[in-house]
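The values are calculated or read from the model by the stated rules, or taken from the named source; none is laboratory data. Everything quoted here is computed from the prediction, not taken from an experiment. So basically every Cβ, Gly included, is an ideal-geometry build from the backbone, and we count neighbours across all protein chains shown. All accessible areas refer to the heavy atoms of the entire protein, side chains included, with ligands and DNA or RNA removed. Shrake-Rupley method; radii C 1.70, N 1.55, O 1.52, S 1.80 Å.
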Amino acid sequence: MQNIRNIAIIAHVDHGKTTLVDKILHFTTQIKDEPEEGNLILDNIDLERERGITIVSKNVAVKYNGTKINVIDTPGHADFGGEVERVLKMADGVILLVDAFEGPMPQTRFVTQKALSLGLKPIVVVNKVDKENCRPDEVYEQVFDLFFSLDATEEQLDFPVLYGSSKLGWMSTDWKKPAEDFSPLLDAIIKYIPAPAVTEGTLQMQVTSLDYSSFVGRIAIGRVSRGTIKENQPVSLVKADGKIEKGRVKELHLFEGVGRKKVSEVSAGDICAVVGLDGFDIGDTIADFEKPEQMDVIHIDEPTMNMLFTINNSPFFGKEGKFVTSRHLFERLEKELEKNLALRVEPTNSADAWLVYGRGILHLSVLIETMRREGYELQVGQPQVIIKEVDGVKMEPVEVLVVDVPEVMSGKVIELVTQRKGEMLIMESKGAMQHLEFDIPARGIIGLRNRLMTLTAGEAVIAHRFKGYEPWKGTIPKRQNGVLVSLDTGTATPYSIDKLQDRGTFFIDPGADIYEGQILGEHIRDNDLPINVTKGKQLNNIRAAGSDDGLRIAPALKMSLEQFMEYIQGDEYIEVTPENIRLRKILLKESDRRVAAKKTGA
C-alpha cells in the first residue's frame, strides 16, 4: 500500500502545468519527445489547446523507483469549481505550480483554498526560472503569505519548494543550480506526500469523475477508500439521498501512462475506472453488497448564472450547421449533463428553448463554443445572474474582482467599478502597477471586462472569483451605447459602410451577407439606429473632381464569443453557427420593435 501516491496539480492558466505533466510522462516512460512543438498530451481538446486552459480534469499515472504516482490535472479557473472539488477528493497532496515572475495569481487562490481546507499536503514548484526578470525568492515569500492568509496549518506552512523549468526539463532545490532532470521533484513527491490512509472495513469507493464510452456507457472513476473491488463483484450503489441500488462490476481499469489497463482487482488507495454500473451520479458511493456504508456526499458549487438557449430561427437558419432542430439541441444538452456537473438545464414555456445554468461566463461560453465546433446552430440570450430569496431578503451572487493596472489609470478603474456597485477592499502598489481588489455583484462583472480594457488601453489584468450570496446591491447602469441595426437583407456594400462610418463602429466587413434585424455595429449615441448598408453607388455619367477617391473604411471590430455574451442586452440574441457568430435583435422587424417599446413604455 505504501507504493502509491495520489497528487493533484494546481496552477494558474499558462504557468506550465500541462507541460510539466507531459515532461514527467516523457521522463518516467522514456517516450521520445513529441516531434511537434507545443503539442501537449493532456490538453487533448482543441479548445484547451487554443486557450491554454484545462477545462476537464484528466488522470495519468507514472511509475518511479517502484512507486506508482497518480497525477490528477485540475482546472485552474473558478468557473470550473464543479471539477475542482471532486478532483481534490482523490488526492493526498497537491503540487502548487507558480510562475517565477508572476507569482500566485487570483484564480490559483480559489483551488489552493479548497486543497488546504481538505488538509492536503502541498509541495510548491516555482516554474520558468529560466525566463528573464524572474524573481523566485520573492515568489516564494508571496506563496508563504498566500498560505498564511488561507489559514494553512503549521504543517502545511512548512512546505518543501522546488525550482526549475518544465520546458527545459529540470527541477532542483536551488534555482541557481540547475539539475539534470525531474528526479528531485519525483523524489520530493515520494518523500513528502503521504501514502493513501487506509482504514479497515468493507468496500467503499466514491464516484468523483465520469467518463462515457459509446460501447459500455457511463464509466465511474474514483478512489477506493476502503477494502478491495474485484471484477464481477456484486456491489451496492448508495445514492446521495441514501437510496441503495444493487449492481455488478463488469470490468476494472487502472490508469497507466495516459491510458488504462484492465485488471481483475483494485485495492484501497488506488484510483480506478469501474465499468458496468448504471444510474450513478457524482458523489455516489460504491459499497459492499451486504452491508453498504455511505461516504460523505460531495457538494458541488451552485450555478450563479443562466442563459436562454434556443434554436436558430434567423433568416440564415440551417445554412451553415449540421444540427439545427430543437431535438438535436436538447439531446446535446442532455449529453453534456452526463459529465458537466456544475451545469443544469431547465425547460421553458417554449418547446424550442431551455434555460442553461452554469458557474459563469467562461463556463457557459466553453459549452457554446464546443457545440459550435461540433456543427450545432443555436441562439443564446443575455446572461442573467441567479437571484435567491433568504428569509424574505433578496440575495445575489457577489464576486471578488482583482485588477492590476498602471498607477496613472487606477482612478478611472475605481470610478467604473464603483458605478457598478463594487466596493474596494485593497489598494496597494506593486512596482509601477496598482493592485486593486473589490467585492462586486456578479451582475456588475457582465460587460465590465470590455469597458476596463478600453479604459486602460488593454493594460489591465483582470480576474474574479465567486465569493458567496449577499443582499441585493441595487440597480446597475446598462450598456451606454445603442446599436446599428440592419433594415434590409442582402450584401453589405463598401460604399454604404463608408457613408455611415461617422455613425458608429461596425462589427462586419464589406461583402458580408446580412439580414433585417441583424446588429451591424455600435452606435455613437445611446439609442438604436436602423441603417441600410446594402445600397450601391448610383452610377451616372457625371464626374466631379475628387468624388471618386478611394474609400477608407476602418477595420471591423471583431469580438470573441465571451465578449459578445458580455455585450448584448435583454432584447438581443447571439446567433452561433459553425462558421459565424452574429448579433441580432430578438424582434427582427423595426415596426415590431416599436410596438414592443410602446408596450413596455421604453
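Entry remark, the stretch 189-214: residues being open to solvent by 60 Å² or more (accessible area, probe 1.4 Å) and of a type in the set (A, V, I, L, M, F, W, C) number 2 in total. When ASP439 is tested against (1) buried (at least 20 other Cβ atoms within 10 Å of the Cβ); (2) under 26 Å from GLU102 (Cβ atoms); (3) at pLDDT 85 or above, only condition (1) is not met.
Quick one: in the stretch 458-477, which of the residues that are touching a residue at least 12 places away in the same chain (Cβ under 8 Å) and over 25 Å from the mean Cα position of the chain (by Cα) is surrounded by the fewest Cβ atoms within 10 Å (Cβ to Cβ)? Steps first, answer last, please.
Pass one, the stretch 458-477, residues touching a residue at least 12 places away in the same chain (Cβ under 8 Å): 459-474, 476-477.
Next cut, over 25 Å from the mean Cα position of the chain (by Cα) only: 471-474, 476-477.
Values: PRO471: 11, TRP472: 14, LYS473: 18, GLY474: 7, ILE476: 16, PRO477: 9.
Looking at the filtered set, the residue picked out is GLY474.
Residue count for the stretch 226-280 satisfying the condition of being of a type in the set (S, T, N, Q) and without any contact (Cβ under 8 Å) to a residue 40 or more places away in the chain: 2.
Meeting the requirement of 3 or more residues that are of a type in the set (Ser, Thr, Tyr), the strands (runs of 3 or more DSSP E) wholly within the stretch 184-230 are 204-213. Looking at the stretch 323-355, which of the residues that are of a type outside the set (A, V, I, L, M), part of a loop (DSSP other than H, G, I, E, B) and over 26 Å from the mean Cα position of the chain (by Cα) is surrounded by the most Cβ atoms within 10 Å (Cβ to Cβ)? Out of the qualifying residues, it is ASP352. Here ARG359 does not fit the description of being touching a residue at least 40 places away in the same chain (Cβ under 8 Å), surrounded by 14 or more Cβ atoms within 10 Å (Cβ to Cβ) and out of contact with any helix residue (DSSP H, G or I) (no Cβ under 7 Å at 6 or more places or on another chain).
Taking first residues from the stretch 425-450 that are farther than 28 Å from HIS363 by Cβ and partners that are part of a strand (DSSP E or B) and open to solvent by less than 20 Å² (accessible area, probe 1.4 Å), the Cβ contacts under 6 Å between residues at least 6 apart in sequence or on separate chains come to MET427/LEU436; GLU428/HIS435; GLN434/VAL405. For the stretch 215-230, the criterion of being on the phi < 0 side of the Ramachandran plot, open to solvent by 70 Å² or more (accessible area, probe 1.4 Å), out of contact with any Ser or Thr (no Cβ under 9 Å at 6 or more places or on another chain) and not hydrophobic (A, V, I, L, M, F, W, C) is satisfied by no residue at all.
Quick grid of which residues meet (1) open to solvent by less than 60 Å² (accessible area, probe 1.4 Å); (2) under 30 Å from GLU590 (Cα atoms):
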residue: ARG449; (1), (2): no, no
residue: SER486; (1), (2): yes, yes
residue: PRO510; (1), (2): yes, yes
residue: ASN527; (1), (2): no, yes
residue: LYS535; (1), (2): no, yes
residue: LEU539; (1), (2): no, yes
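Number of residues in the stretch 301-322 that are modelled with pLDDT of 90 or more, among the aliphatic types (A, V, I, L, M), in a strand (DSSP E or B) and crowded, with 19+ Cβ neighbours inside 10 Å equals 1.
Check every one of the strands (runs of 3 or more DSSP E) wholly within the stretch 364-424 and list those with 3 or more residues that are touching a strand residue (DSSP E or B) at 6+ places or on another chain (Cβ under 6 Å) and more than 26 Å from THR456 (Cβ to Cβ). Before you say what the answer is, go through the steps one by one.
On the way: elements: 378-380, 388-390, 393-406.
Those strands (runs of 3 or more DSSP E) span 378-380, 393-406.
Counting residues in the stretch 128-146 that are open to solvent by 30 Å² or more (accessible area, probe 1.4 Å), touching a Ser or Thr at 6+ places or on another chain (Cβ under 7 Å), on the phi < 0 side of the Ramachandran plot and at pLDDT below 85 gives one or more.
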